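Where a number appears in this text, it was derived from the coordinates with a stated rule and is not lab data. Owing to the predicted nature of the structure, the values given are computational and were not obtained by experimental measurement. All Cβ positions, glycine included, derive from the backbone under ideal geometry; neighbour counts span all protein chains shown.
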Amino acid sequence: MVRFKNRYVLCELLADDPRCRRCIEDRAVGLAVRDAIARAHGDYGLGRCCVSFTVKYLNAYTGTVLLRCRKDCRQLLSSALPLVRNLESRGQRFPCALRTLHVGGTIRTCQKFLIQYNRRQLLLLLRNCANEEERRSVRQAVLSCSIAEEQAQSGEEEEEEEEDGTETD
Amino acid sequence: MERAEPPAAAYERRVLRSGAQHCYLRVQLELPDGAARPGAPQLKQLVVTALRELHGEVGAALPVDVLAYEEKSLCAILRVISSGFVKLWSALTLQGFYQSRRCAFRVLQTSPFLLALAGNSRELLLD
């Protein structure tokens, strides 16, 4: 069958400034990536990539971004992602970087990868805890999140990342 | 493709479509509004600017050389790596301004061999 195939690029937004978390929104990230594609690949690259380009999912707390593009121009998009340097929103500009975690053909495969990745990150966070109190609080946070319906947490993200001393890179 | 074996040939000829490393173009710059004629460095700058506008930093980094340039007739011979041939030609086509005056690049000849640009049957004058 002939259909339009998409590629979903899962990235992590890394920023030094904690105030940057507030201004992470899908429009700002989309504009930043579009700008980077225009700089790297010119008018032609911009026109090709932005046919089916959107920010499908964004989590400001963990900095997880899911971008969609056509299958043919996945390489153009991937090569332009390292050139995203600043995030602009509401008149403020923060330096940031986008790190590619996974490229998948469907949202479901990216979600599966994200769940495994977050599990591994939690273990790393636990190992990098400085003292016993932090360790206890992380353990408690992990044990207390559940997929029960009375809580407003969604079932996809089963982690609450805390601002511990060490940021994994 | 299976064919009947030809009788023992004395030679074999192989044609490669994309065998050459570089492609050569003979282009002429047209300036109808009478802008100042560019020198060779200005022409290279114009070509790189055209590539940067259409194909971004990746396009501007293409190895393009101006091998010969005649300022009187505004005719130049450019060399580009074969993989960037389409990018260069499309960028030259869409370059419309030089120093905010209209300009146009006319591509007269292209070839993977430089020697082929020496003769042009279109400019042949028959006595």
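Computed values, structure above
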| read-out | value |
| --- | --- |
| The protein assembly as shown: translational diffusion in µm²/s, Stokes-Einstein, Kirkwood Rh over Cα pairs, 25 °C, 0.890 mPa s | 102 |
| Label point distance in nm, A:ASP43-A:ARG127, each placed 7 Å from Cα along Cα→Cβ | 5.2 |
| Partner lysines for A:LYS112 [C-alpha distance under 23 Å; skip if fewer than 8 residues away on the same chain] | A:LYS5, A:LYS56, A:LYS71 |
| Principal-axis tilt of helix A:26-49 within chain A, Cα atoms, nearest 10 degrees | 30 |
| Crossing angle, helix A:107-127 versus chain A [Cα axis fit, 0-90 degrees, rounded to tens] | 40 |
| Relative contact order (%) - criterion: Cα under 8 Å, at least six apart; region: chain B | 37 |
| Calculated log₁₀ intensity ratio I(q)/I(0) where the Debye formula runs over C-alpha points of the stretch A:8-51, q = 0.13, 0.26, 0.27 Å⁻¹ | -0.36, -0.98, -1.01 |
| Linear extension gain, B:TYR11 paired with B:ASP65, 0.36 nm per residue minus alpha-carbon span | 15.8 nm |
| Anisotropy class of the stretch A:108-147 from Cα gyration tensor, a/c 1.5 cut | oblate |
| Between 0 and 90°, nearest 10: helix B:40-60 axis offset from chain B longest Cα axis | 70 |
| Cα gyration tensor shape of the stretch B:24-127, rounded if a/c is under 1.5, else prolate or oblate by comparing a/b with b/c | oblate |
| Net lengthening on full extension, B:CYS75/B:GLN28 (0.36 nm per residue, minus Cα-Cα) | 16.5 nm |
| Burial ordering of B:LEU125, A:LEU77, A:LEU114, fewest other beta-carbon atoms within 10 Å first | B:LEU125, A:LEU114, A:LEU77 |
| The stretch A:44-85 residues near the modelled A:ARG27 label - backbone nitrogen below 15 Å, point 7 Å along Cα→Cβ | A:55 |
| Rounded if a/c under 1.5, otherwise prolate or oblate - chain A, Cα gyration tensor axes | prolate |
